[in-house]
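Chemist: First the structure, then my questions, so here it is.
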Amino acid sequence: MTASMRWDDIGHYDRPGAWVRRVAINLALNGKRRKTTETSILQRLAVQPRPPEVRSGDPEVWDAIRKLPPRQRAVVVMHYLEDRPVAEVAEIMGAAVSTTTTNLGKARANLARILGEAR
């Protein structure tokens, strides 16, 4: 069931948009876990998985973002690509602002390390 089909209920939440983004993040994280499991099974069966989706922008940066842990990846995307303030990202993630700031700091350090190694 989609959010639009339940909007009569969801629309009454304090922040329905934040709820929808949180659900989308959870679904994405679950999809990542499912994809990892699928890839592992395909490797055991000696079948090659489909190539990853092509995105616009610098492929090295996207590769580096993909290497981040899921929560760091989520906060990077919301803060830098969606241009959301840290407080809003924290609310969406259901975390404290300090935790979100820490995740952003770790993500930046990891990206710097990953991109530094690639060059």
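The values are calculated or read from the model by the stated rules, or taken from the named source; none is laboratory data. No experiment lies behind these values; they were computed from the predicted model shown. In this analysis, Cβ positions are derived from the backbone assuming ideal geometry, glycine residues included, and neighbour counts consider all displayed protein chains.
Chemist: Search segment 68-106 for residues being surrounded by 14 or more Cβ atoms within 10 Å (Cβ to Cβ) and over 18 Å from Arg21 (Cβ atoms), and hand back the single one that is modelled with the lowest pLDDT.
Modeler: Result: Leu68.
Chemist: Could you list, ordered by first residue, the pairs with Cβ atoms under 6 Å in which the first is in segment 90-119 and not assigned by TED's automatic domain parsing to the domain that holds Leu27 and the second is surrounded by 11 or more Cβ atoms within 10 Å (Cβ to Cβ) and among the acidic types (Asp, Glu), at least 6 apart or interchain?
Modeler: Ala118/Glu60
Chemist: Additional query: Test Asp63 against the stated conditions and say whether it is modelled with pLDDT under 90 and either surrounded by 11 or more Cβ atoms within 10 Å (Cβ to Cβ) or farther than 24 Å from Ile114 by Cα (or both).
Modeler: Values: modelled with pLDDT under 90: yes; either surrounded by 11 or more Cβ atoms within 10 Å (Cβ to Cβ) or farther than 24 Å from Ile114 by Cα (or both): yes.
Yes.
Chemist: Tally up the residues in segment 55-105 that are over 20 Å from Lys32 (Cα atoms), among the charged types (D, E, K, R) and assigned to a helix (DSSP H, G or I), please.
Modeler: 2
Chemist: Something else: Do you know which residues across segment 48-60 are of a type in the set (D, E, K, R), modelled with pLDDT under 85 and surrounded by 10 or more Cβ atoms within 10 Å (Cβ to Cβ)?
Modeler: Listed by number, the residues that qualify are Arg55, Asp58.
Each row is one residue, and each column tells you yes or no for (1) assigned by TED's automatic domain parsing to the domain that holds Val89; (2) under 22 Å from Arg73 (Cβ atoms); (3) modelled with pLDDT under 80.
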position	(1), (2), (3)
Gly11	no, no, no
Asp14	no, no, no
Trp19	no, yes, no
Ala24	no, yes, no
Leu29	no, yes, no
Arg33	no, yes, yes
Ala46	no, no, yes
